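The structure appears right after this line, and notes come after that.
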Amino acid sequence: QNEEKWDFVLVSDIHEMGSEKEIKRKKFLDELSKKGFTIKKIEDTKLFYGVRAPQHIFWNYQRLLMNPDSRQQNSSAYQDVPVTTRIRVVHFILQNTVTSDLEKLHDLMKKKVFEAAFPLHKKEEIAEILKKKWARWRVLFKEQPIEEIRCYFGEKVALYFAWLGWYTYLLVFAALAGVATVAAGATVFSSSQVSKEICDANDTIMCPLCDQNCSFWVLSETCTYAKVTHMIDNEATVVFAMFMAIWATVFLELWKRERATVVTNWDLYGWDEEEEELALKLINNSQQELQLYEHSYFCSTIVLILGVLMIMVLIGIAHALVIYRAVAMALFTQSDVSLLSQHADIIAVMTGAVLHYLTIVIMTKVNWHVALFLCKLEKPRTFSQRENNFTVKIVIFQFFTNFSSLIYIAFFLGRINGHPGHYVRIAGHWRLEECHPSGCITDLFIQMAVIMVLKQTISNIMEYLIPWISHQLRKKRKPPRRSVMLGEEEEAEDPCKRQWVKNYELNEVNVFSLFNEYLEIVIQYGFTTIFVAAFPLAPLLALINNVIEIHMDAIKMMRLRRRMVPRKAKDIGIWLQVLEAIGTLAVIGNGLVIAITSDFIPVQVYKYMYSPCTRQNHTGMDCSTGYINNSLSVFHIQDFEPHTKVLPEFRGVQIKECRYRDYRNADDYTYTVQFWHIFAARLAFLILFEHVALCVKLIAAWYIPDVPQRVKNQILKDKHRNLSNELSTMEYCTEV
């Protein structure tokens, strides 16, 4: 039975005898044989080579990485090596075995000498437990078997699922708060004073939305839009934004505690990745020269310049989307189709959001190649260093890809477009789009909703369907068995053969398989926290997505993909710093959304400085009465630009002036004093909000210890026990 335990399987096409590929393959397999590997060949439509490492390799591994104290006491007794460790060690040796032509397995796979190399999914007890308790849809709301995941896929994958499970669990609280915020907004859906004023403004004539043949319009036409806006944009949103800033900190602090508990149970607290890598290199080749760390300021400068150029390209794409929206708005408004011309603003926003989603899909692939190229320039020493460098670059690129158009809508839309008679234009022709009279926050809400819903539904469907379809196709593509050689009896089928072929038919995994999962969730975490003030339902969407994501990833790993090479890890690595950076950005982002995008500050300034309440004591009066009229400036029609064609008659009345959203004087169109009051209030609120939120974050980080007391005491007891044993051994040796 032991004879049939194979660590790895190499797959190759059947090459002609004496061909270059066949010679290269033989050379590689000979190198493995010299290292004491057992190799078993099975021929089917492909050539399969089972590989098993000699026992002494694992003994060396255990001896090199054993604790110094146990090395003295127990040098002869070797424990059984876990399967995950066997696979990891064998994978390292396979990847670093060099043939006489100075080629490694990676080079041979590029030259199609070998087609695949993978560890096996075996019919063992733990795999069956995982399929039953984890990789199926029926157990959607059950706790994940993290210990079993670790024993089958290694610590790195287990930590990913432990982190994802913890994040999903804490999202429940954020989702409830988000739903409560929207519910609080819905209660004032029709009763908000500002919405009422917009709905009753039948006499307020607004300036045309485009230059050619656009008529004036009445403010009350946007009644529904105003109601929706004030459902999102109210006092509850400010509280929710503050709550989410604290939630992001508490989530990470509690995760640090959870991680410390998990890692201590796995006896990995003192494990060192660098030491493990050095040990594996020595086991593979004891004569190998030590590769030292290198750093070149020249390379770093090149990487920095290229990185900045890439970011500028991504910002350029965001500008292109802005131009699209402005041009689309102008064209839709002038369209002969009444549906397009009446709802031009909504349609421009919706199509802009879909276009943004498409740019995200395309630029993700481009970012990937650029980040890989920049990593090659840096020449990192170890795999984990390369992974960290790559992570930082791809996260920055993806941040700009995903968030640049949201940043524009949140902070620039309607603020840089000028005013009637003096509009800012693209190429001197198209007007930049304006904010809705009831605020810009609904545009941000629509953009966030479209991107999150599209991103999560489409990417989840693709993520599951593509591996499933390709697995089905691989099974179908299998040609009939090669006919048996003439004169030979039909041999009994080798029991390994079916298992190896079945594993080969699964989809391949690569070093980025787990990285992709992390990246997807981290970008989602950005959407859930950074602009959450504009889209309080983001945590709910993220929660629904994650519950499905966990089990979809499980099914992919267990049933649709080949087995991942298990890797050791004692934390989620650089992703923790990425999450902390997003947490800080969330405070800044939400502070800016409330201060700049939302109408919260202008309404408060109006209430306390300009409303009827300040002039006389009206206890029964809503202090925001008159706000809409106050927030609209007056424009005289004779001051329109010469090429603007406006029909001066509206509903049979000759129009002399119209209103637009801004705080400007009616005579010379300069900013009013109220504009500067609001500007100062926005700035003061921003500084106050961010300082308070960051202080609360720091207090939360201090209040919740990273390592639980129980874990600290456990480590302390272990140290004490080891030192006591060491002392008693020394005393015993002295007596003898």
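The values are calculated or read from the model by the stated rules, or taken from the named source; none is laboratory data. This one's a predicted model, so the numbers in the text were calculated from it and none came from an experiment. Please note: Cβ atoms are built from the backbone with ideal geometry, for glycine as well, and neighbour counts cover all protein chains shown. Calculation scope for accessible area: heavy atoms of the full protein, side chains included, ligands and nucleic acids excluded. Shrake-Rupley method; radii C 1.70, N 1.55, O 1.52, S 1.80 Å.
In region 218-328, what percent of the accessible surface is made up of carbon and sulfur (1.4 Å probe, ligands and nucleic acids excluded)?
Using a 1.4 Å probe with all protein chains present, region 218-328 comes out at 65 percent carbon and sulfur.
Which cross-chain or sequence-distant (5 or more) residues have an amide H under 5 Å from the amide H of HIS419, H modelled 1.01 Å from N in plane?
Counting only residues 5 or more places away or on other chains, the set is VAL424.
Amide H to amide H, which residues 5 or more places from GLU657 or on other chains are under 5 Å from it, using H placed in the peptide plane?
Counting only residues 5 or more places away or on other chains, the set is ILE637.
May I ask you to list the residues of region 84-123 whose amide nitrogen lies under 19 Å from a point 7 Å from Cα along the Cα→beta-carbon direction of GLU20?
Flagged as within label range: 99-115.
For region 633-680, which trypsin sites (Lys or Arg not before Pro) are in a loop by DSSP, counting at most 13 other Cβ atoms within 10 Å?
In loop regions of region 633-680 (DSSP not H, G, I, E or B), the sparsely surrounded trypsin sites (Lys or Arg not before Pro) are ARG651, LYS656.
Largest first, what is the accessible-area ranking of ARG562, ARG721, ARG498 with a 1.4 Å probe? Show your work: numbers first, answer last.
Numbers: ARG562 15, ARG721 120, ARG498 170 Å².
Of ARG562, ARG721, ARG498, the descending order of accessible area is ARG498, ARG721, ARG562.
Can you list the lysines whose alpha carbon is less than 22 Å from that of LYS697, not counting same-chain residues fewer than 8 positions off?
Reachable lysines: LYS256.
Along region 541-554, what does the Karplus equation 6.51 cos²θ - 1.76 cosθ + 1.60 (θ = phi - 60°) give for ³J(HN,Hα), rounded to whole Hz, x for Gly and Pro?
4, 5, 4, 4, 4, 5, 4, 6, 4, 4, 7, 5, 4, 4
Using only Cα atoms, figure out Rg for region 420-466 and give it as a multiple of 2.2 N^0.38 Å. Don't skip to the answer; put the middle values down first.
Details: Rg = 17.6 Å, N = 47, 2.2 N^0.38 = 9.5 Å.
Expressed relative to 2.2 N^0.38 Å, the Cα Rg reads 1.85.
Relative contact order for the chain: what is it in percent, counting Cα pairs under 8 Å that are at least 6 residues apart?
Reported relative contact order: 21 percent.
Between 0 and 90 degrees, rounded to the nearest ten: what's the tilt of helix 223-232 against the longest Cα principal axis of the chain?
Here the helix axis deviates by roughly 50 degrees.
How do GLU508, GLU274 rank by accessible surface area computed with a 1.4 Å probe, from largest to smallest?
These residues rank, largest area first, as GLU508, GLU274.
How charged is the neighbourhood of ALA53? Take every other residue with its Cβ under 9 Å from the Cβ of ALA53, and add Lys/Arg as +1 and Asp/Glu as -1. Walk me through the intermediate numbers first.
On the way: positive: LYS35, ARG52, ARG86; negative: ASP7.
Once positives and negatives cancel, what remains is +2.
On a 0 to 90° scale, report how tilted helix 495-505 is relative to the longest principal axis of the chain, with both axes built from alpha carbons and the result rounded to the nearest 10.
Relative to the chain, helix 495-505 is tipped by roughly 20 degrees.
In Å, what is the Rg of the alpha-carbon atoms in region 8-124, and how long is Dmax?
Expressed in Å, the Cα Rg and Dmax of region 8-124 come to 16.5, 55.
Please compute the contact order of region 574-653 in relative form: average sequence separation of alpha-carbon pairs under 8 Å and at least six residues apart, divided by the residue count, as a percent.
Across region 574-653, relative contact order equals 16 percent.
From the Cα gyration tensor of region 506-551, with a ≥ b ≥ c the square roots of its eigenvalues, which class applies: rounded if a/c is under 1.5, or else prolate if a/b is larger than b/c, or else oblate?
Here region 506-551 falls in the oblate category.
Which angle between 0 and 90 degrees, to the nearest 10, do you get for helix 441-476 versus the longest principal axis of the chain when only C-alpha atoms count?
Taking the Cα atoms of the chain, the angle to 441-476 is about 30 degrees.
Considering only protein heavy atoms, what is the solvent-accessible area of CYS435 at a probe of 1.4 Å, reported in Å² to the nearest 10?
My reading of the accessible area for CYS435 is about 20 Å².
Run the helix sum for the chain: -39,500 (n - 2.57) per DSSP H stretch of 4+ residues, divided by residue count, reported at 222 nm to the nearest 500 deg cm²/dmol.
-20000 deg cm²/dmol
How large a share of the accessible area of region 598-642, in percent, is made up of carbon and sulfur atoms when the probe is 1.4 Å and the other protein chains stay in place?
With neighbouring chains kept in place, the figure for region 598-642 is 52 percent.
Leaving out ligands and nucleic acids, note down the accessible area per residue over the chain with a 1.4 angstrom probe, in whole Å².
Value for the chain: 50 Å² per residue.
In the chain, what is the volume of the convex hull around the alpha carbon atoms, normalised per residue and reported in Å³? Please report the intermediate quantities before stating the final value.
Details: hull volume 169.4 nm³, N = 736.
Convex hull volume per residue, Cα atoms: 230 Å³.
Which entries of LYS376/LYS556; LYS21/LYS46; LYS131/LYS156; LYS104/LYS281 have Cα-Cα distances beyond 21 Å here?
From the list (LYS376/LYS556; LYS21/LYS46; LYS131/LYS156; LYS104/LYS281), the Cα-Cα distance tops 21 Å for LYS376/LYS556.
Along its principal axes, what span do the Cα atoms of region 593-698 show, with the longest given first and each in whole Å?
Largest to smallest, the principal-axis extents are 60, 37, 24 Å.
Kindly rank 621-630, 18-27, 286-295 from highest to lowest mean number of other beta carbons found within 10 Å of each residue.
621-630, 18-27, 286-295
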